[in-house]
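Below is one structure; the comments refer to it alone.
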Amino acid sequence: MGGEGYFINQFLSERTNKRRDEWGGSAENRRRMAVEIVRQTRAAVGPDFLIVFRLSMADLVEQGQNWNDIVALAEDVEAAGANIINTDIGWHESRVPTIVTSVPRAAFAEITGKLEKHVAIPVAASNRINMPEIAENILARGDAQLIAMARPMLADPFWVEKAATDSADRINTCIACNQACLDHAFVHKKVSCLVNPRAGREIDLQLLPTKKTKKVAVVGAGPAGLAAALNLAQRGHAVSLFEAREEIGGQFGIARLIPGKEEFAETIRYFSSALRSADVAVHLDTRVTAAELIAGEFDEVVLATGVTPRIPSIPGIEHPSVLSYAELVRDGKPVGDRVAVIGAGGIGIDISEFLTTDASPTLDLKEWKQEWGVTEPEAAPGALTTPVPAPSPREVYLLQRKAGRIGAGLAKTTGWVHRAALKAKGVHQLSGVNYEKIDDAGLHISFGEKHERPRLLEVDTIVICAGQESVRDLVDDLKAAGTTTHIIGGADVAAELDAKRAIEQGTRLAATI
């Protein structure tokens, strides 16, 4: 491992190597440690053992390696006995995201292609390569001879087999959320996968063929319901899936419309394909009633009816300037030039990014690099330049009741990216807020327990992101009729939306029926 700012990389960079002996000072001396490790490893293992050196091709930190040093390192590592050079991008300390969902696919493959021309051994491309067509394009361009993937194999252990048989539509795609893999690893929890909770749990979470086929209804086609329906059907049960809206996806259907979360559409695509293959009877635009479920004589019913946005008790909350986050994103309700977002949890932060991004949220690679200050590796040490974020199309205030930093509870590997994006877009962030009233003038607020410093935010639109409430309107009638009923996902727990919990809960339930 010669990247990420770890031991070897620290010797390579002037940022951390302040030595003035034979292991520091000149670029040649700084790379001596890496070259000697490869040389002595080759001497120890002999000529037939494969040595892969993961080389930082863009440190993305101030005082990072310059391009000439990187090329010289690759040539020296090859001469010392490495068989393959694998691409590493960025230090953990970098201010540039490299692997999260918002990073464009294969964002750094062109850098690999630049280095590939300087060595004779194979070079592998990596980072945000999650589907076969992306990998094939890199290989066809000649930017690499190999593709290195890790998280996509957690998401779908049959990725290679499906790619080889032209079945890419059946791949359970890695959405680069990091919630169950890297976020788990950093707190010493078992590594798994949000979209595939069986990863790392293959022994204790088994989906064996059922010994008795049951007729099962699943109500709600959000993440929890989709996971339950698919796994129940794959085990051999006869499954009917009912969804009130015209498409599957639930909260993922909203999430995929948030800038930088377009990958969530891949999960919906995967479930659409997999449900067809598993012969699940999918009933869209169908708000099924308890009476219909009872009349259908289902052996068991799974309620994954999800959540509805919670509307807080604020004087004037029914004012026409007020929208729920679902009305804004999913229903496309119009929004003004000055917006207040009430609630700064994960949804509130997503909505703020939605509001501060132009009408076309998907950045191309050039625009993304400009936003984060990434330049060509030949242009500057560390491949860094001054970030130039696109201006926000509107002024946004993000508010929360509790004191403290907004976004403090976000995940370790992605939270800093969202906080940086909000800062770059000039979002006003206010904590310890009391919501006094809403009227034609805007949103009236104060601060602290004593309601001090009254203030009027002269906004055109107020978006409510103040939590959710479980939808359980079918429970009582089903249980009164003696129908075996299970409640999962947001219908079970309506706290901060948690797709990781929802998909795992649906999968674990399917394993028990």
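Roughly speaking, what is the centre-to-centre gap between the range 417-458 and the range 186-253 when only Cα atoms are used, to the nearest Å?
Going from one Cα centre to the other spans 40 Å.
Using each residue's phi in the range 472-478, evaluate 6.51 cos²θ - 1.76 cosθ + 1.60 at θ = phi - 60° and report the 3J(HN,Hα) Karplus result to the nearest Hz, with x for Gly and Pro.
Along the range 472-478, the couplings run 9, 5, 9, 4, 4, 5, 5 Hz.
Expected output is a single nm value to one decimal: the length gained when fully extending between residue 205 and residue 238, i.e. 0.36 nm times separation in residues minus the C-alpha distance. What is it?
Net length gain for the segment: 9.8 nm.
Can you give me the distance in nm between label points at residue 75 and residue 386, each placed 7 Å from the Cα along the Cα-to-Cβ direction?
So the two model labels end up 3.4 nm from each other.
Rounded to the nearest 0.05, what FRET efficiency do residue 117 and residue 379 have when you use their Cβ-Cβ distance and R0 = 25 Å?
0.90
Which whole-number percentage describes the relative contact order of the range 374-482, with Cα contacts under 8 Å and a sequence gap of 6 or more?
Numbers: 110 pairs, mean separation 18.8, N = 109.
This gives 17 percent for the range 374-482.
Give me the distance in nm between label points sitting 7 Å out from Cα along the Cα-to-Cβ direction at residue 214 and residue 453, one decimal.
It works out to 5.5 nm between the two label points.
Measuring from label point to label point, each 7 Å out along Cα→Cβ, what is the residue 437 to residue 479 span in nm?
4.1 nm
With every protein chain left in place, what is the accessible area per residue of the chain in square angstrom, probe 1.4 Å?
With the other protein chains kept in place, the chain gives 45 Å² per residue.
Check each of the GluC sites (Glu not before Pro) in the range 1-81 and keep only those in coil by DSSP with at most 14 other C-beta atoms within 10 angstrom; list them in order.
Sites meeting the loop and neighbour criteria: 22.
Can you spot the lysines whose alpha carbon is less than 27 Å from residue 369's alpha carbon? Ignore those fewer than 8 places along the same chain.
The reachable lysines, counting only those whose Cα sits under 27 Å from residue 369, are 114, 117, 261, 412, 423, 425.
Just subtract the alpha-carbon distance of residue 472 and residue 286 from 0.36 nm times their residue separation and send over the number in nm, one decimal.
65.3 nm
For a test of the definition: using alpha carbon positions, the gyration tensor, and the 1.5 limit on a/c, classify the chain as rounded, prolate or oblate. Before the final figure, lay out the partial values.
Values: a/c = 2.49, a/b = 1.36, b/c = 1.83.
Note, shape of the chain comes out oblate.
Taking θ = phi - 60°, what integer Hz values does the Karplus form 6.51 cos²θ - 1.76 cosθ + 1.60 yield along the range 440-450, in sequence order, with x for Gly and Pro?
Couplings: 4, 6, x, 10, 8, 10, 9, 10, x, 5, 8 Hz.
Order of 342-350, 451-459, 320-328 by packing, highest average Cβ count within 10 Å first?
Averaged packing, sorted descending, gives the order 342-350, 320-328, 451-459.
At a 1.4 Å probe radius, carbon and sulfur cover how many percent of the accessible area of the chain?
51 percent
Could you sort 39-46, 416-423 so that the peptide with the highest average Cβ count within 10 Å comes first and the rest follow in order?
Final packing ranking: 416-423, 39-46.
Residue 66's amide H: which non-local residues (gap 5+, or another chain) put their own amide H closer than 5 Å, with H modeled 1.01 Å from N in plane and none for Pro or chain starts?
Under 5 Å from the amide H of residue 66: 382.
The values are calculated or read from the model by the stated rules, or taken from the named source; none is laboratory data. Model, not experiment: these values are computed from the prediction. For neighbour counting, all protein chains shown are included, and Cβ atoms are generated from backbone atoms with ideal geometry for every residue, glycine included. All accessible areas refer to the heavy atoms of the entire protein, side chains included, with ligands and DNA or RNA removed. Shrake-Rupley method; radii C 1.70, N 1.55, O 1.52, S 1.80 Å.
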